[in-house]
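Contents: one structure, followed by commentary.
The values are calculated or read from the model by the stated rules, or taken from the named source; none is laboratory data. The structure presented is a predicted model; accordingly, all values stated were derived computationally and were not measured. Neighbour counts are summed over all protein chains in view; Cβ atoms, including those assigned to glycine, are modelled from backbone coordinates with ideal geometry.
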Amino acid sequence: MASVSSPTATSAVPLGAARPREQGTSLTRDALRRLRRNRLAMAGLTVVVFLALLAIFADFLAPYPYTKTNFGRLIEGPSRDYPFGTDLIGRDMFSRMIFGARVSMLVGLGAQIIVVSIGVPIGALSGYLGGRTDLLLTRFIDVMYAFPRLLFVILVMSMLGAGLVNIFIAIGLTGWVGIARQTRAQVLAIKEKEFVDGARALGAGFVRLLWRHVLPNALTPIVVAVTFGIPEAIFTEAALSFIGVGINPPTPSWGQMVGEGQQYLRSAWHLCVFPAIAIAVTMLAFTFFGDGVRDALDPKQN
Amino acid sequence: MFHYAIRRLLWLVPTLLAMALVTFVIMHATPGSPLDPVAEGANPLSPEAQKNLAEHYGLDKPLYQQFGIFLWKALHFDFGNSFVYKSRTVAEIITTTFPISLFLGTMAFALAVVGGLTFGILAATYQNRGWDYVSVSLATVGVAIPNFVLAVFLIILFSFVIPLFPTGGWGHWRNWVLPTVTLALGPMGIVARFTRASMLEVIRADYTRTARAKGLGERAIIFRHALKNAFIPIVTLLGPMFAAVGTGSFFVEAIFRVPGMGKFFVESMTGRDYPMIMAVVLTYGVFLAIMNLAVDLAYGLIDPRIRY
């Protein structure tokens, strides 16, 4: 992240001189300060951290294993033993919700890693090489865009079968397009700048040029795209699990719980309401945080 | 403009071909077959029966031939019989269910545009005051929360707590309210956000100041001068948005038991109903492309600076 500012910030400091800590606010530090001042974004971040902790320590925090059934107490409302009630086969909703956070967080992060590692190289190559490669890739991206996104993910999932790894694959296969487009546009603009010419004149190779000089300066929109990509992936998983082609039961997923529970909304509201609230809060938290990151990195936007 | 429209329509052909090909490849490149038993762990069909069925549906032919046959028949609007609903043709299922989805989608779309514009204008004219906060929070909630989650909250609120509308079904206008609102909230939020941003920009423009200096009333300034210009960037949103409303509808259709295409959409995919999958994907594809084209043409009509 620190290298985002390299061409502008370093020019003010004499070569070789150690930069004093308190002096010189880099773009990154500026952005961080703006982010910290944004109360909604900080609230969002707090929720995200809380969810991450839930996901990591689910095994210790959940009072019951998520598969433990109690056939004596089926579809019970909230009680002292079961704070969020029990589900159709007597499993503790509270524990299943905690483990559900793990699935959501895993999907959000994992899918983004795949999306970035496919989208950024393709976009960067396409923009940097230009010519026929670029034309071919942009045509392909256009066709992918013509597909309604969710439809494509559902198609891939129903063909591959339910499961966490397949969700990564399905989201990765469809999600890279947007980020590739963004990266390409950035690289197209940056590769014409003088400092790239300078580096090339100094004999920097192709890989070094892209990796050290072009990409760091294209990072801002990529970071923003990732912060918004995480909730989108979480939403996609919830939607897939809702219609039954997402997570494999008995692994708990909030989307799957809402999908199953909404059929019993009148007789057993707790089956559906708690996971629905969890999804809503998660999505809002990520959106607030994402908005904050965008505003902090790109103050002109506002 | 006419030539532009024709050219765009011609572009539809390669796009649809590519979509059909990608779908076809995904269907056939993944493990599994429509001849597999539907229930998990059930006994497979005897090899003879499998062979007969494959022959009957043309699944025994080489893939390129299958694709060719599909294309040829699709040109004649013959998509064959559904594998799941064996007595019904795909074309018949789509022509009976798609209009329902389209109707729901259109209502939601209209509500989203009207509501979004209203909230967006209110937010911009009362910037940083009450209406602004209402609009912005509504927009954030609508955009961030998935529609199947919104549906749950709306049912609880307007069917159980205040029993105004039924929880599901179709056929009476009271059935239409909740699915339409659920489907509309997300796009409404997007439109409201864009309208607000666009209006704020236009309100600061010189010609708005001129209009105010001329002594025009606030209403004339907002509606005749500002909105007309603020509307232009919003129009680009509407094409892909209509598609999102259309494809997002299967969750809403499932929850509110609307007899639209959404159900067949999901069932065809989980049941490996090849002819149905192809038809559904292409229906959405055609629809999306036409909406995008309509928006681009409307763009030219609204903004005289644009020439094709």
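Odds and ends about this structure:
- Count of segment A:242-260 residues which are facing chain B (nearest Cβ under 8 Å), assigned to a loop (DSSP other than H, G, I, E, B) and either within 25 Å of B:G142 (Cβ to Cβ) or in contact with a Pro (Cβ under 7 Å, 6 or more places away or on another chain) (or both): 1
- Matching residues in segment A:270-302 - criterion: being surrounded by fewer than 19 Cβ atoms within 10 Å (Cβ to Cβ) and closer than 23 Å to A:T236 by Cβ: A:I277, A:V281
- B:A298 surrounded by 20 or more Cβ atoms within 10 Å (Cβ to Cβ), touching a residue at least 60 places away in the same chain (Cβ under 8 Å) and of a type in the set (A, V, I, L, M, F, W, C): no
- Residue that is surrounded by 22 or more Cβ atoms within 10 Å (Cβ to Cβ), out of contact with any Cys (no Cβ under 9 Å at 6 or more places or on another chain) and either among the hydroxyl-bearing types (S, T, Y) or not in a helix (DSSP H, G or I) (or both), where the choices are A:S267, A:S158: A:S158
- One residue from B:T97, B:T30, B:T23 being touching a residue at least 60 places away in the same chain (Cβ under 8 Å) and within 14 Å of chain A (Cβ to nearest Cβ): B:T23
- Yes/no for A:A239 being assigned to a helix (DSSP H, G or I), surrounded by 20 or more Cβ atoms within 10 Å (Cβ to Cβ) and within 12 Å of chain B (Cβ to nearest Cβ): yes
- Condition check for B:L200: in a loop (DSSP other than H, G, I, E, B) and either free of Cβ contacts under 8 Å to residues at least 24 places away in the same chain or within 14 Å of chain A (Cβ to nearest Cβ) (or both): no
- Close contacts from segment B:75-90, counting a first residue that is closer than 16 Å to B:P34 by Cα and a second that is crowded, with 18+ Cβ neighbours inside 10 Å and charged (D, E, K, R), with Cβ to Cβ under 6 Å and a gap of 6+ residues or different chains, come to B:S82/B:D273; B:F83/B:D273; B:V84/B:D273.
- Take the conditions (1) facing chain B (nearest Cβ under 9 Å); (2) within 21 Å of A:F168 (Cα to Cα); A:D142 misses just one of them, which is (2).
- When B:F231, B:F242 are checked against the criterion of being crowded, with 19+ Cβ neighbours inside 10 Å, in contact (Cβ under 8 Å) with a residue 40 or more places away in the chain and among the aromatic types (F, W, Y), a single residue qualifies: B:F242.
- Residues satisfying the stated conditions in segment A:261-288, i.e. within 20 Å of the chain's Cα centre (by Cα) and either at positive phi or within 7 Å of chain B (Cβ to nearest Cβ) (or both): A:A276, A:I279, A:A280, A:M283, A:L284, A:T287
- Count of segment B:115-141 residues which are farther than 19 Å from B:N229 by Cα and in contact with a Ser or Thr (Cβ under 7 Å, 6 or more places away or on another chain): 1
- Among (1) in contact with a Lys or Arg (Cβ under 7 Å, 6 or more places away or on another chain); (2) not in a helix (DSSP H, G or I) - the single one A:G127 does not satisfy: (2)
- Wholly enclosed helices (runs of 4 or more DSSP H) of segment A:23-114 bearing at least 3 residues surrounded by 14 or more Cβ atoms within 10 Å (Cβ to Cβ): A:27-37, A:39-56
- Of all residues in segment B:149-196 being within 16 Å of B:T118 (Cβ to Cβ) and within 13 Å of chain A (Cβ to nearest Cβ), the one that is surrounded by the most Cβ atoms within 10 Å (Cβ to Cβ): B:G189
- Of all residues in segment A:169-195, those satisfying the criterion of being over 18 Å from A:P121 (Cα atoms) and assigned to a helix (DSSP H, G or I) are A:A170, A:E194, A:F195.
- Condition met for B:D78 (among the charged types (D, E, K, R) and closer than 28 Å to B:F287 by Cβ): yes
- Looking only at segment B:87-130, and only at residues there that are modelled with pLDDT under 90, loosely packed, with under 15 Cβ neighbours inside 10 Å and small (G, A, S), the one that is nearest to the chain's Cα centre (by Cα): B:S87
- Annotation note: Cβ proximity below 7 Å between a residue of segment B:273-293 that is within 10 Å of B:V90 (Cα to Cα) and a residue that is among the aromatic types (F, W, Y) and surrounded by 24 or more Cβ atoms within 10 Å (Cβ to Cβ) (sequence gap 6+ or interchain) occurs for B:M276/B:F264; B:V280/B:F264; B:V280/B:F265.
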